[in-house]
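Student: Mind looking over this structure? Questions follow.
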Amino acid sequence: MNKTKEEHDKELKSFVIATLRRASYRWYSRTEALKNARVSRGLYKCESCGAVEKKANVQLDHISPIVPTTGWDTWDGFINRLFCEISGYQVLCSVCHTVKTRVEGELRKKNRQETKKKLDKTP
Ligand SMILES: [Zn+2]
């Protein structure tokens, strides 16, 4: 069965986003940012709460969310934020990263609902 143009475009966008995200794990700035957060062998400092954790318990966070809390903007914006400079990253412990991600997700959801409300009101 053929997909509609809309379904095809949505699938293509998801595929490209997932592929770029995977590639970004090998981005040099990411490696450098992690190195900068290393306090001793195998230990990294969370830039938010200061906890010192093993590598498995820290995550590299994009300070400026890859997809803005105001919603998707452009591919150029997405790519520039995803492959940011060293200063665009921060190392966070799992707890701090989860909190930040949740807050950003809630803001994104709220903004999406407000945009939808505005669109519904438009005659
Ligand atoms: Zn932390």
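The values are calculated or read from the model by the stated rules, or taken from the named source; none is laboratory data. The model shown is predicted, which means the values in this text are computed figures rather than measured ones. Glycine gets a Cβ as well: all are built from the backbone with ideal geometry, and neighbour counts include every protein chain shown.
Student: So Val67 clears everything in (1) out of contact with any Ser or Thr (no Cβ under 6 Å at 6 or more places or on another chain); (2) modelled with pLDDT of 95 or more; (3) of a type in the set (A, V, I, L, M, F, W, C); (4) within 19 Å of Ser29 (Cβ to Cβ) except one condition, right? Which one?
Tutor: Of everything listed in (1) out of contact with any Ser or Thr (no Cβ under 6 Å at 6 or more places or on another chain); (2) modelled with pLDDT of 95 or more; (3) of a type in the set (A, V, I, L, M, F, W, C); (4) within 19 Å of Ser29 (Cβ to Cβ), Val67 misses just condition (2).
Student: Also, I was wondering about something else. Within region 5-50, track down each residue that is of a type in the set (A, V, I, L, M, F, W, C) and within 16 Å of the ligand (Cβ to nearest atom).
Tutor: Within region 5-50, Ala33, Leu34, Ala37, Val39, Leu43, Cys46, Cys49 meet the criteria.
The rows are residues; the columns are (1) farther than 20 Å from Arg22 by Cβ; (2) modelled with pLDDT under 95.
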site: Ala56; (1), (2): no, no
site: His62; (1), (2): no, no
site: Asn80; (1), (2): no, no
site: Leu92; (1), (2): yes, no
site: Thr101; (1), (2): no, no
site: Glu104; (1), (2): yes, no
site: Asn111; (1), (2): yes, yes
site: Thr115; (1), (2): yes, yes
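Let's see how each residue does on (1) away from the ligand (no atom under 16 Å from the Cβ); (2) surrounded by 13 or more Cβ atoms within 10 Å (Cβ to Cβ); (3) farther than 23 Å from Asn111 by Cα:
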position: Asp61; (1), (2), (3): no, yes, no
position: Val67; (1), (2), (3): yes, yes, no
position: Gly77; (1), (2), (3): yes, yes, no
position: Ser94; (1), (2), (3): no, yes, yes
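Student: Here are Glu47, Glu85: which of them is surrounded by 16 or more Cβ atoms within 10 Å (Cβ to Cβ), farther than 24 Å from Glu114 by Cβ and modelled with pLDDT of 95 or more? Show your work before the answer.
Tutor: Details: Glu85 fails: surrounded by 16 or more Cβ atoms within 10 Å (Cβ to Cβ).
One residue alone meets the criteria, Glu47.
Student: Collect the residues in region 100-117 that are within 15 Å of the ligand (Cβ to nearest atom) and surrounded by fewer than 14 Cβ atoms within 10 Å (Cβ to Cβ), keeping them in residue-number order.
Tutor: Taking region 100-117 as the starting set, the residues that turn out to be within 15 Å of the ligand (Cβ to nearest atom) are 100-103.
Within region 100-117, Arg102, Val103 meet the criteria.
Student: Among (1) closer than 17 Å to Leu92 by Cα; (2) loosely packed, with under 14 Cβ neighbours inside 10 Å; (3) hydrophobic (A, V, I, L, M, F, W, C), there is one condition Leu12 misses while meeting the rest; what is its number?
Tutor: Against the list (1) closer than 17 Å to Leu92 by Cα; (2) loosely packed, with under 14 Cβ neighbours inside 10 Å; (3) hydrophobic (A, V, I, L, M, F, W, C), Leu12 comes up short only on (1).
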